[in-house]
Structures are given as C-alpha cells and as structure tokens.
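Notes follow the structure.
The values are calculated or read from the model by the stated rules, or taken from the named source; none is laboratory data. Remember, predicted model here, so these are calculated numbers, not experimental data. Note that each Cβ is placed from the backbone with ideal geometry, even for glycine, and that neighbours are counted across all protein chains shown. The protein model used for the area step is the full one, side chains on, heavy atoms only, and it has no ligands, DNA or RNA in it. Shrake-Rupley method; radii C 1.70, N 1.55, O 1.52, S 1.80 Å.
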Number of protein chains: 6
Amino acid sequence: MAKTKALREEAKQAKRVAAAARAPADKAGKRAKATKQTKQTKAAEPASGAGAAVRYPLPDIATLPDDIRERILAAQEKAGFVPNVFLKLARRPAEFRAFFAYHDALMLKEGALTKAEREMIVVATSALNNCLYCVVAHGAILRIYQKDPLIADQLATNYRKAALPARQRAMLDFACKVAVSSATVDDEDHRLLQAHGFDAEDIWDIAAIAAFFALSNRLANFSGMMPNEAFYAMGRNPPAQAPRPAR
Amino acid sequence: MAKTKALREEAKQAKRVAAAARAPADKAGKRAKATKQTKQTKAAEPASGAGAAVRYPLPDIATLPDDIRERILAAQEKAGFVPNVFLKLARRPAEFRAFFAYHDALMLKEGALTKAEREMIVVATSALNNCLYCVVAHGAILRIYQKDPLIADQLATNYRKAALPARQRAMLDFACKVAVSSATVDDEDHRLLQAHGFDAEDIWDIAAIAAFFALSNRLANFSGMMPNEAFYAMGRNPPAQAPRPAR
Amino acid sequence: MAKTKALREEAKQAKRVAAAARAPADKAGKRAKATKQTKQTKAAEPASGAGAAVRYPLPDIATLPDDIRERILAAQEKAGFVPNVFLKLARRPAEFRAFFAYHDALMLKEGALTKAEREMIVVATSALNNCLYCVVAHGAILRIYQKDPLIADQLATNYRKAALPARQRAMLDFACKVAVSSATVDDEDHRLLQAHGFDAEDIWDIAAIAAFFALSNRLANFSGMMPNEAFYAMGRNPPAQAPRPAR
Amino acid sequence: MAKTKALREEAKQAKRVAAAARAPADKAGKRAKATKQTKQTKAAEPASGAGAAVRYPLPDIATLPDDIRERILAAQEKAGFVPNVFLKLARRPAEFRAFFAYHDALMLKEGALTKAEREMIVVATSALNNCLYCVVAHGAILRIYQKDPLIADQLATNYRKAALPARQRAMLDFACKVAVSSATVDDEDHRLLQAHGFDAEDIWDIAAIAAFFALSNRLANFSGMMPNEAFYAMGRNPPAQAPRPAR
Amino acid sequence: MAKTKALREEAKQAKRVAAAARAPADKAGKRAKATKQTKQTKAAEPASGAGAAVRYPLPDIATLPDDIRERILAAQEKAGFVPNVFLKLARRPAEFRAFFAYHDALMLKEGALTKAEREMIVVATSALNNCLYCVVAHGAILRIYQKDPLIADQLATNYRKAALPARQRAMLDFACKVAVSSATVDDEDHRLLQAHGFDAEDIWDIAAIAAFFALSNRLANFSGMMPNEAFYAMGRNPPAQAPRPAR
Amino acid sequence: MAKTKALREEAKQAKRVAAAARAPADKAGKRAKATKQTKQTKAAEPASGAGAAVRYPLPDIATLPDDIRERILAAQEKAGFVPNVFLKLARRPAEFRAFFAYHDALMLKEGALTKAEREMIVVATSALNNCLYCVVAHGAILRIYQKDPLIADQLATNYRKAALPARQRAMLDFACKVAVSSATVDDEDHRLLQAHGFDAEDIWDIAAIAAFFALSNRLANFSGMMPNEAFYAMGRNPPAQAPRPAR
C-alpha cells in the first residue's frame, strides 16, 4: 500500500519533470515570437527548425518502463532537471539502454584521461559535427569539471586557440581526426600520442569517445534534440554552486 | 562435474576459435610476403597498415567473461567462424555489451525496413567512411539477405548506379546525408521520405542505423579491425548454401 | 594648464585600461597552469596557441595617437573594459581607423536590418571561419540586443537549429553563402531574399557584413586576438544589468 | 566465297555476343523487379540509374567497323564475354580506337611496374572517383594478376588498410594525389618515390595511369557503363580456373 | 564665379567618365549578342550573370560627394579610365571611404614587401575565391609592377607553377592559408616565414592583405562587379607604354 | 638525293624548332632571376616549380619517329611555334599518338557544338583542375575562335560571371560536374541539357571533352608542362592577325 502510494507519488513527479523538460521549448517558441517584429516579417510565418521537435515529441515519463524512468529520475535528482537526451531517446527503450550503457562505459570509467579531458573530446568533436545539443550540454559539464568558464566556448569554436598543454592539444588533434577522417588514422598518429605519454588503452579511450559522439551527434541532429536552457549558463560563474550535471 | 568438463570443453573450443580467427591475419601476412617481389622492394621492408593489428591483439576467448564468450560461440555456431568485430571489441567487455545491444536493437528489430534494407544502409554509409571491415562484412550479409551477388559492390562504390526502386534510393540518399552532414538534415528531407511511404519511426530507423555505423566505422578504422577472409566471397554464388551471417 | 593635467589623468587611466585589458590573458595563463596536472604532463610543457599573443603584444594605450586613444577610452567607458580588438589593431593606426570606419558604416547605420540581425550575421559567419574572437565578442552583443541568452550559442553551432522566423533564416543562408562560396551567388539568391521582403540595399547590407567579417575573422585568427573574459558571460542573464557593448 | 561465309559466321557470332553483353542489364532489371516488394513500394516505380543505359544503348556488333569488331571478338575470345567498355565506346569508332591505343600503351607496356601494380593504381584511383565499372572490372583483373582474392576490395575501400610493401603504398599515395589534386604535385613527391626505387619513367607510368583512368572513370560515370556480371566474382577463388581478362 | 564654372566643367567631365565606365558593360552585352548564334539558342534567351550589374547600377559621378568624385577623377587621371570598383562602391560613400583607406594603408605603405609582392598576394588569393574583378584588375597591376607579362596568369591558375624564389613561394603559401583556413594558422607558419627573412610586421602585411581581399572578393562577387575591359590586356607587352594603374 | 637533302633540311629545322620551344623556359629562368631582388632573398635560392621541367626535358625533334616529327612540324607551320604539349608527350610515342588521336576525335569532329564551345569546356574545366598549360594554351585558342579577348579569363576565373547565353551556361555547368563529381551525374542533368537543345550525342561530346581534359590536366600538372610564352598574349587584340593555333 505504502508502495502503491510511493509509486503514485513518483508518477506525479515524473509528470512534473516531463512538463519542466518540455518547458524550454515552449519558452523558446514564445521568445521567438516575441522577437522584435521587423516590418518584413509576416506574423504567421512558421519558425524554421521546429519540425523535428514536433515529429518526435518527448514522452510522458510516467508511461516509460521502470528502469528508464528510474534512470531519468536519478538524472533529475542530480542535475535539477532532466537533460533532453534522456527524454528524446526514451521512446526507444532498447536503444536508450544501449546508448547510456555505452556512454557510461566510456565517460565514467577509470583511466588516465580525466573526466574533464573526456568532455573536452566531446565538445571539440561535436563542434565539428555542428551538434547543438552536445556542444551546449557537454560544454556545461566541461566548464564544471575543468572549473573554467571559458574552455567550452574555446573548444567549440577553435580548439587550437585554447591555452592547452601540448598533451591535451595532441589528444584533441587525434580525436578530431577520428571524427572527421578516421580512414586515414595510421601508426604515425599513435606514435605522436605515445610521445605525449598516452598508452594504447588511452588511445582507445580517446578514439572511442570521438566515435561514440559521432553516433550521438547524428542522433541529436536528425531528431531535433534541443539542449535544455539550463545548460547554456551552467558553470559560467567560477564559484559555481550550480547543480552537478547528470551525464 | 559434468559441468566442469563441459566448461573445459568449451574453453578448448574457444581457443581453437581464437586461433582460427587469428589465422586470416597470419595468412594475409604470408600472402603479402609471397607477393611477387619486384626488384626495388627490399626484403625487410615492413608492410604498411600492420601496426593497429599488433597494437590491439585479439584476445584468447577462454579468458573472456562468460556472457561474452557465449555470445562469441553463438556467433561462431551461426557463421562458421568468429567475425573479427567480436574479438576486437571483446577486450572492452562493457563496450562490447553496449555495442552489440545497440546493434541488435537497430538491426534485428521488427519494422517496415527489411533486413536487407538495413544492410544496404550499412554498406552505403560505411563506404563513405572508407571502412573496410563494415563494407566487406556487411556487404556479405547484404548479398545473402538480398539474394543478389552484385548489390554490395554497387552500393560500396556508388549507390546511385544500383538499379534500386526509387523508395530505396531515397532511403540511401537520406542515410548518406546523416552520415556526412547530419547538421543540414531538415524538414524537407523528412517530407521526401514520407512521400516514399516512410513514417517517422522508419526515418528514425534509417538515421539511427547510419548514426550507429558512424560509430562502428570509426572504431574499426582506428583499431585496425580487419574483415575475416570468409566475408569477401560469401554470398557471391546465387545458390548460396553459404553459412548464415552472425551480425 | 588644466588641460595638461587632464591629459596626464587620461594617460594614467589609459595605462590602467591597458593593464586591465592584458589581465585576462595573464589569468588565462594561470588557469591553464592550474589545470589538474595529469601524470603524463610535463610541468615545463609550453601551452599551444600562445605564440601569436606574444608576437603581437598589446600596446600601452598612453603611447597611441590621440584619436585612437580617445576611441579606445570611449569604448571602455561604454563597455566597462577595452575589447581586445581595439588594442590588437592599434599597433597599425591607419588600419585601425579604416577598420572601425568600415565597421561603423555597416553595423551602426540605419536600415531595415535590426542591430540584432546584423550581429546574427556576424556570429553565424564567424563560426564558419572558426573565429574565436568574433564568435565570443559578437555573441555577447547579440545576446544583449536580442535579449535572448541562448541565441548566440545556437547560431555559432548550427544556425539551422535556432527557432528563427523564415526571413531571418533566409538572411543567414545568404550570409553564409557569401562567407563560404561567394563566387556561386546568383540571381536566384537575390530572388529568394526579395521573396522574404529584403530589397537590394538590404541584400547589400547582409553581404557586406558577411564580407567585412571575412576580413575581421582572418585578422583575429592569424594575429592571436583573444576575446576578453568579460564577453563570455555577458548577456546570459535576461535581467541583464550587464554593461552595454562597445562594438 | 569462303571468306563471305566466314564473314557471315562472324557477323552471327557478333550478334550473339551483343545479345549476351546486353543480358546482364536485362537480368539486373529482372533482379531489381524481383527484389522483395515491401509494402510501401509502388509497383510502377521506375528504377533509378536506368536512364543512362537506355540513352546510350549498346550497338549491334555486326554493324561496327571491321577493326573494332575484330578487337571486340578478340576480347571475347580471351575473356569469354565482351566487357561492356568495348560495346559502350564502340558507338564512337575514332574515340574507341584512341581509348584502347592509350590503354594498351600504358597497361601492356614493359617497365618496372608489374601488371598487377598497374591494376592496383586503377582500382585505388577509380574508387576515389566512385567509378563502378572500373572498380569492378579492374578489380577482377587485379585479383587474377595478383593471385589474391582480397586485394581489390581492400584497395577499393581504403588502400591504406591493405598489407602492402612500403614501395607499393608510396606508389598508391602518389597515384591518388594525381587523381585528386594533381596541381599540388611537387618535387617532394618525386623524391619520395625515388627513395622507394622508382625512376622518372616509372613515375610517369604511375601518373599517366592515374590520369588515363581519370578520363575512363568520367566516361563510365556519365554514360551509364555497367560492369558485366562476370567481373564481380572473377578471381575470387584462389585455384582460379577463371577466364583470363581482356583489358 | 570662376569656381562655379570650374565645378560645372568638372561635373560634365564626370558624366563623360561615368558614361565611359559603363561602356564596357554595354560592349560586353553587344559582344555576347554577336556571339555566333548556334541553332539551339533562342534569340530572346537572357544572358546569365547579368542580374547583379542591373541590380546595382553604376552611379552618375556628378551626383557623388565631392571627396569621392575627386578620388575617382584622380584615379581616372592616372589610369586613363575609372576602374569599376570605384563606381560600384561609390553608392555607399562611408563604405567607399573606409574601403579605400584600408586598401591604401595595406597596398601603398612602406615595408619589406615590394608593391609587386603585394599584388602577387592579391592575385593568388583572389583566384582561390574565384573573384573575376580582382584577378583581372590586380593581375594587370601585377604585370606592370613586376614587368612580367606572364606572372599574373600563372598565379591565378596555380601559383605553385610560377618560377618564384622560395621566399615568394613561402609568402604565397601563407597568404593562401590565411585566405582559405585562417583558423589553422599556427606558430609553425610563422617560423617558416621567419626562416625566409620575414619579420612579424611583414607577416602582418601578408596576412592583412589576404584578409582585406577576402572582403574585397566577396563584395565583387555578390555585387556583380565586372573588370573594365582595359585591364585584361594591360601590361601584356613588355615595352608597356600602358597607363599606370590607379588601384 | 634531293630527298636526302630535304630530310637534312627538315632535321635542321627541327633542331631550331626544339631550341625555340625550349627558349621560353630559359627566358622565364632569366626573368625570375631578374626579379627585383629584395633584401631577404638569397641569390642562390632555387626557384620552386623548376624540378619537373628538368626531370622530363623536351626531346630533340630530330630524334623523334617520323610521324611524330611530321605532326610537330605541321603544328609549328600552323601556329608559328611548337606548343609544348607536343614536345613533352613526344618522349612517349605510343602515348603521343593515342593522345592526339583522342584530342582530334573530340575537338575537330563535326557536331552541334562549335569549336569555340569545345574550347570553352576545356578552359572552364581545366581551371577547376588548376592546369596552367591547358588554361593558357586553350584560353588563347578560345579567344581566337570566339573572337573575344575577354572570354578566356572570365571562364578561367569564374565561368558564372561571363555573359553567356543560358544554353552555354548549362553546357558549362554540366562539363564542370563531369570534371568534379562525375559519380553524381544523373538523369536530371541530361534532362536539363535537353531542355537547352542538346541531344544525347551533344551531351556525349560535352562529357567526353571534360573527361579527356581530366586526363590532359593531370599529365600537364605532374610532368611540369609549361605553356609557351606566345599563348599568353595570343588573341587578345580583336583585329587579331595572330597565328592560328595548332591544337
């Protein structure tokens, strides 16, 4: 009985989460509408880029399989909101589970790469694929991990301009090569990375993260996945009492 | 006791499988060596492209976690040999599990796309990424599913030259756009596909397969994953008593 | 006499401004140094991307020609700091004067394009040229003019994903074509813009802004011009008591 | 009289050859039609890529000039069928003669390059031009000359992955540069090849073969030249009692 | 009174100049019309590329602000005709003034680069942007400064083929990198130039000229700016009694 | 006897021709040397781009096979000098014969395309391949055939800017597509050309010329073939008492 009630509570919370997650899109809609109407703009003109969001609407969390709802609620607990990637992919439970299992295997594992370095790879390669979701969401996470409010915008625009140690520069050069022309990766690339102290397992980590986000970027791009508003400002103020990111 | 013996048997078989799986590489080495030595070629000259294979050697199956070994033995049972993707990824069990869970969620699910059509997407997009493993291995599977010994080479070289129905042509146009410039996918692309009878779920399938193999191609390319010799010839003879493909 | 004193005061202020303007770079240096040192990173490793900043050091404002110092002080008055573009270009007074005369002629003029729309063109085209300075500095200005904390990151990553009216989307499509392949601009492009209400003068404005920032982006990229830290966060909080931008 | 009869015989044979040569296209048509009709495919939907074949139909051999018919019959004698390139180009006798004279001058001449190496260049560069005819037809010839059933698919997908001696890798690097960006060929390229034992005449051979197939690939691509079915499987079985290739 | 008369005279001359400047376009129109009409060409078919010229017609010089008219008359005095860039940009006086101030600051200044070398940069980079106006007009100026009737066509087609000293080759390599991918300019580029004797100010000159013509090329391309006929032949005859170029 | 003497005369003339043909290169060398030596240029610095000319020196005409020498003398008779393509290719007699047979089959044949139109295709596509020899030599021929001193520079820089009838614009659009991405040519391209009055044979002509110069451009680029000085100025003066071009 207590359990039934708890579940009912959870379902209600899930509905609120879903509503909150959808809110940014609504607000964006309103903001677009509120944009100063110049004389040439017809009022009824549809906003571009809106199709995909309508096509794959975010589901009601209460209707999702238990394990997926729980994962989403945990993410919400941690971040203070539900990152849209959870809601967008939830309509395909088997793909959701595989996606996050892969994500966690690469991003949460132990290894020589710091968590901030993993996020650097995500931001730099996602920018090459022009993926708004990953650049904004992982840019936020990178700012927090690296305790640097500038690094994400630098990597997203031109990682060569960031004041990085040569080792991290070599890491990003390689990750970007895997992202853009993996067929030309050769032994010389491996030697260069080894000269910076990366061993074969570290190189696998770098390449696999770039490869996984090649998948993630394409999913976000075709499906109209939009970053939650909260990500844009997160981690920009060094004292940063900001909520910690889920994923 | 019986169980212990069975496990011992299985472990022995696994060693034989691993040896067999490594064999093609050895043979390739010998073949390269046997290539007519022209007068300019110094005998000791190292073959190019060999580094990656050495760097990430294929593991001994007997040493793998049970679930992974079982999956590999099942694949061997079905195909008559162990496709190298299983062995190459097995060194990273968590990534292995996520990879094949994702693969199966996209390639084995029910839906409007036939299995042959899914493999068409794999071959056409993997060719754009110059991925030898995926073009050769999935080319073999496509020949078998489609019962057409020519289709894979056509899609791998120029899918526009294959005599495909307009619906499949539109499917490949879209998959290739997701593979190469997903950031420019827009509502017009969706409308075009809908005009050929694809609904939103079918479009997700096409895009997600192209996205998943964007990951897979990069993994194969950087890690030196080489297709098993058996794949090259498979399905080229229409009567095709060839073994059915695992993956 | 009073004038002499006033000039002395101004010169002192100018020194403070110059010191303040250089500060971000210093801090960036410290931050980079403070980055969690992973075990592979040698302490003495030089940071990449630092060369250009050293090569063309920012001048002491007190040594600049009067008209240039005054323009810089006016900019500081307005923005609360001296945007680095003023200091970087000041070493070439004739080029400085021509650059800002051109900038003002395009960005401050009356016309059908709003100031926010002009900045949209700057951000979207500068992102195509991977220009860190212009993306960050003009992104800040755009957020303030548009009263939208999200728009700049959207345009910088993929302008097609922003929820823009079709008119602004057409404006950016054209600006990006001018930025990337101006030789293929043809009558059809003009017709498309006219269908959205732009006349020949508006089209000139769009193209000329894209062309001017083709210049600006290349200057910033080769000379190591880095955006002031203040730009990164500016305009991200809607109430925005932020200082108004000088350029 | 005997001669008249012999000529009549030859003309009859020529008709049979032409019919046989056209057969693959017909079969391809049937195969396309036989493809599992998924529910969305309308029956009357025209196959894509069929236009060019219809536009430049293969001629009746009996109607061709004597020297061209004889060359075609000789090719048929050698290969067991008439490669479609002979029939497609035969409609332009002067171009036919020049094309094959050029081909023979480059591919049949004596020199340091083996015949297999010449075919390697053809396959690798034709793949860069996405030329289905040349990749499939010359891939077959390469397999036979090299006595290697795998080499053609490797070079067609990513020649960097083939286990080639460094000398052949350098040869293909150069050939691909000539194919893709000949304007940037410089002395350094020549020095690299000389370091692998190629002299100026060998370098001419490599470059000229890449240049000739730049022509051939474009002819095949625009004219709808399709490889004969026989080429796809040829040389894939090492014992290879396969017919020897003409051209 | 005398002054009034002088002004009237000047205005008349200005009208003649404007008429003369428009003449080439008229003649080009006639020439296009006179082109051998092949049987397929419908008489009424509009010539392509004519739209932009019509859209931004060249102004009547007499109506321009005094300083602009004077600059134009000075240019005419020097060159014997009014280069179209003056007339095309004159419709925007503020932009005209900034453009030519910038041009003069870069092209007429003292420095280690000769005037011919500056024009080399213009021709080589404008060719990369396919800018007809700048290639033809600055090609003429380059021929005259360099006293070489061949150099401009060589740089416009492939600067690597011109017989240049290594120092000038390095200068053009860098200028072209700034023109095409300025975001990848790094310290190594600067070192290379320094090895050829260029100091930091020379490097700024090279880069700034490439950057300024990135602007100029885009203006010319979108606005339909066509080179005056006189430029095409200028400087092609070594004795060269040709008029000196105004810009 | 008279014949012997005639042959001796011919051989002497041939030597003079060869010397004359080599002259431009010599002069170019001197001109490069004479270039204003700026202070940074070391005197002994080798000119770039000179290697290929040295590597494949032009042969002594007297030593060539009779048919090739005769073809060269005929070309000289017609043009007043020997175009370098004849001398560069003469070192490979079989390739020489095939090359010019192919050239003549495409460029001298009867058909709907005028000779000027054929040369337009050569100039526009050779510019895309940055082929100095073909752009300059065929640019000269085009100026003469078209009786237009401007057309060649326009097509070489940006064919979209030339005032061409729509039919010729469509012809060049197609030729450039064949040159750059022949694998994407499809039925729609053919329909477009047919709408401008081109039939299937005309389309073959356009495509085959673009394809043949894909070969020719690559030969010229790798072999260091330089245009004779005479070509640069030829046909630039409308009255044009210029010698008619050979090839």
- Item | F:Ser182 vs. criteria within 10 Å of chain E (Cβ to nearest Cβ) and either charged (D, E, K, R) or assigned to a helix (DSSP H, G or I) (or both) | no
- So which of A:Ile151, A:Ile68, A:Ile72, A:Ile61 ends up being more than 10 Å from chain B (Cβ to nearest Cβ) and closer than 26 Å to A:Trp204 by Cβ? A:Ile151
- Item | Condition check for B:Ala162: without any contact (Cβ under 8 Å) to a residue 40 or more places away in the chain and buried (at least 24 other Cβ atoms within 10 Å of the Cβ) | yes
- So, first residue acidic (Asp, Glu) in the stretch B:84-101, second residue open to solvent by 10 Å² or more (accessible area, probe 1.4 Å), Cβ within less than 6 Å, six or more apart or across chains; the pairs are B:Glu95/A:Ala105
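Condition check ((1) more than 8 Å from every other protein chain (Cβ to nearest Cβ); (2) farther than 18 Å from E:Tyr232 by Cα; (3) of a type in the set (Gly, Ala, Ser); (4) in contact with a helix residue (DSSP H, G or I) (Cβ under 8 Å, 6 or more places away or on another chain)) across all residues:
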| site | (1), (2), (3), (4) |
| --- | --- |
| F:Arg143 | yes, no, no, yes |
| F:Ala156 | no, no, yes, yes |
| F:Ala162 | no, no, yes, yes |
| F:Arg169 | no, yes, no, yes |
| F:Glu188 | yes, yes, no, no |
- Message: So, in the stretch B:195-233, exactly how many residues are farther than 21 Å from B:Leu142 by Cβ and within 10 Å of chain D (Cβ to nearest Cβ)?
- Response: 3
- Query: Taking the stretch B:67-84 as the search range and keeping residues that are outside any helix (DSSP H, G or I) and open to solvent by less than 10 Å² (accessible area, probe 1.4 Å), which one is farthest from A:Leu215 (Cα to Cα)?
  - Reply: B:Val82
- Query: Does C:Ile144 satisfy being within 17 Å of C:Ala170 (Cα to Cα) and either touching a Leu at 6+ places or on another chain (Cβ under 8 Å) or of a type in the set (A, V, I, L, M) (or both)?
  - Reply: no
- Exactly one of (1) modelled with pLDDT of 95 or more; (2) open to solvent by 20 Å² or more (accessible area, probe 1.4 Å) is unmet by B:Leu150. Its number? (2)
- Query: Does the stretch B:161-168 contain at least one residue that is polar (S, T, N, Q) and either more than 29 Å from B:Arg191 (Cα to Cα) or under 17 Å from the mean Cα position of the chain (by Cα) (or both)?
  - Reply: no
- Name the pairs whose Cβ atoms lie under 8 Å apart, with the first residue in the stretch B:112-128 and surrounded by fewer than 24 Cβ atoms within 10 Å (Cβ to Cβ), the second among the basic types (Lys, Arg), and 6 or more positions between them or separate chains? B:Ala112/D:Lys39; B:Thr114/D:Lys36; B:Ala116/D:Lys36
- Number of the condition not met by B:Met234 [criteria: (1) surrounded by fewer than 19 Cβ atoms within 10 Å (Cβ to Cβ); (2) within 21 Å of the chain's Cα centre (by Cα)]: (1)
- Message: If A:Gly197 satisfies all but one of (1) under 26 Å from B:Lys177 (Cα atoms); (2) small (Gly, Ala, Ser); (3) surrounded by fewer than 23 Cβ atoms within 10 Å (Cβ to Cβ), what's the number of the condition it fails?
- Response: (1)
- Task: Among the residues of the stretch C:192-220, write down those that are touching a Ser or Thr at 6+ places or on another chain (Cβ under 8 Å) and polar (S, T, N, Q).
- Result: C:Ser216, C:Asn217
